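The values are calculated or read from the model by the stated rules, or taken from the named source; none is laboratory data. These figures come from a predicted structure and were not determined experimentally. Positions of Cβ are generated from backbone atoms using ideal geometry, with glycine treated the same way; all protein chains shown enter the neighbour counts.
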Amino acid sequence: MKAPLLYVAATLHAARLDLEPLAIDHAARMFDGFADERLYAWVDAAPPADLSELVTRFAGVMNPYARPGELWLNWAVVRREDAAAVGVVEVTLREDRIAYLACYVFPRYARAGYGREASAAAITQLWRAYDAQEVRIEMDYRNVPARCLAESLGFVRRRHMKRGTLRGLPAVGYGYRLPRPVS
């Protein structure tokens, strides 16, 4: 029998980044990044209309026990050299220790390796603190940067699925998986 899912609040450290547990205080620093419409090219969501809406969104995802049988982990990704908020990492960890990872890097900070660095730190935390058995990423197949990121971290494409539409076009998603390393 697996131990229950217990939240371990921790700031994670990578070479250039700190991943801080998401807090309402991050909303003002992150608003411009979340307001950039380019962030939503491959997700079915819209930018927040104002800071109040972003605060409401944060409040909705900050409770790690928000849904029975899952643990929600959310980190603000902060560049250590100047404390710039460069993105967010979100993880849903199920009771069977399968984790779903999403990493969003704000467009003005894209293509600097922050997504890979932040994702790797989160994955390491999932192995060490949560006994995750597998990490999965799901994305629209047209999201080439996300596919390259997943593959650079060792994820293997496991399936593709049709998911209705995204912005009026047929949506086909790719699912990637990264099993826990054998020690």
- Within region 12-98, strands (runs of 3 or more DSSP E) holding 1 or more residues that are of a type in the set (Ser, Thr, Tyr) and at pLDDT 95 or above: 85-94
- Which residue, of Arg29, Arg57, Arg16, Arg67, is of a type in the set (Lys, Arg), touching a Lys or Arg at 6+ places or on another chain (Cβ under 8 Å) and surrounded by fewer than 17 Cβ atoms within 10 Å (Cβ to Cβ)? Arg16
- Can you spot a residue in region 130-137 that is farther than 28 Å from Ala46 by Cβ, in contact (Cβ under 8 Å) with a residue 24 or more places away in the chain and part of a helix (DSSP H, G or I)? yes
- Query: Considering region 101-125 alone, what residues qualify as being under 16 Å from Leu22 (Cβ atoms), without any contact (Cβ under 8 Å) to a residue 60 or more places away in the chain and either buried (at least 21 other Cβ atoms within 10 Å of the Cβ) or of a type in the set (Asp, Glu) (or both)?
  - Reply: Leu101, Cys103, Val105, Ser119
